[in-house]
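Right, one structure below, let's go through it.
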């Protein structure tokens, strides 16, 4: 164990270590990176997680596997594959969740050489939800300073929640107003621009918290915690406004909003694929059917000279057409 990396992002550095007296937890680091292995984790499950880390599985996959195996172990014996199969089959949950449970148990079965035929559950295709800019801004306004900053990042950059909570100060280029996230889901590395207002907020946050280059931008949080915080303020706002549509907005929908907005603004799926960190163009193209759903969210203006047109393009306006000698441009509000 002592030769394994001890970086803040490594769950192995926080796993219980073997001693003559059994298992003892290591000291928790001050930086809360992605997740911590609970001390009460079953040693047999722990062995599977350690092997997954050695196999370079992502922290997200390891964490879900831990949760899935712990859930299954509470309701049946993991050494009895047919009992596990029956438990999963009788669950009142989606086929997608059942499929993920099977994948998690498959790792356990492979590690301990347990023979079983993994049942096939197909995850149904999900429709992409697209929240309006107005509702997202209402959620940001409802949140406290720190949470509203995170939500603004999600809205403006399309970062996945796990990517956002892994951000370190060194991932920001405040001079050029960009963020360079450590990508998740084995996606491509990318550089995403930020607005002047968001850049200013982040700069003030770094100074206020006295953060150094290698510090996490948001200490003491992970993707699960971020999601829980978001759902609390979302549900509270939905109840206050008696608006069930707000309650339906998932945190991940802010990423969907970003992708669709960029497709509308840029009109080039390949460029948006790069900004999203997608590895396949077909993933980005899934958003194409959502284009132009909010045509009323445009600011329109005109130009009569090349200088005026150049200025509008520099400010993010798109050329539309020319009528009676006036060049018409538009930009999303």
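Coordinate-derived values only; no laboratory data. The structure displayed is predicted, hence computed values, not measured ones. Cβ placement follows ideal geometry from the backbone for every residue including glycine, while neighbour counts extend to all protein chains displayed.
Percent of Cα pairs in the range 133-285 per distance bin of 5 Å, from zero to the largest separation: 2, 9, 18, 22, 20, 15, 9, 4, 0.
Multiplying the residue separation of residue 219 and residue 51 by 0.36 nm and subtracting their alpha-carbon distance yields 57.7 nm.
Normalised by the number of residues in the range 133-285, the average gap of Cα pairs under 8 Å and 6 or more apart makes the relative contact order 28 percent. Taking 0.36 nm per residue of sequence separation and removing the Cα-Cα distance, the residue 236/residue 175 pair yields an extension gain of 18.3 nm. The order of the peptides 225-233, 113-121, 51-59, 252-260 by mean Cβ neighbours within 10 Å, most packed first, is 252-260, 225-233, 51-59, 113-121.
Legend: ranking of residues 94, 197 from fewest to most surrounding C-beta atoms inside 10 Å; resulting order 197, 94. Per-residue extension of 0.36 nm, minus the Cα-Cα distance of residue 120 and residue 39, leaves a gain of 25.9 nm for this segment. Overall form of the range 193-233: oblate. Here a/c, set by the Cα gyration tensor axes a ≥ b ≥ c, is 1.5 or more, and a/b is not larger than b/c. Sorted on the mean count of surrounding Cβ atoms within 10 Å across their residues, most packed first, peptides 277-285, 152-160, 98-106, 261-269 read 152-160, 98-106, 261-269, 277-285.
Could you give the semi-axes, largest first, of the ellipsoid that matches the range 150-228, computed as the square roots of 5 times the alpha carbon gyration tensor eigenvalues and rounded to whole Å?
Numbers: eigenvalues 61, 47, 30 Å².
Value: 17, 15, 12 Å, ordered largest first.
Working from label points 7 Å from Cα in the Cα-to-Cβ sense, the residue 283 to residue 188 distance is 1.1 nm.
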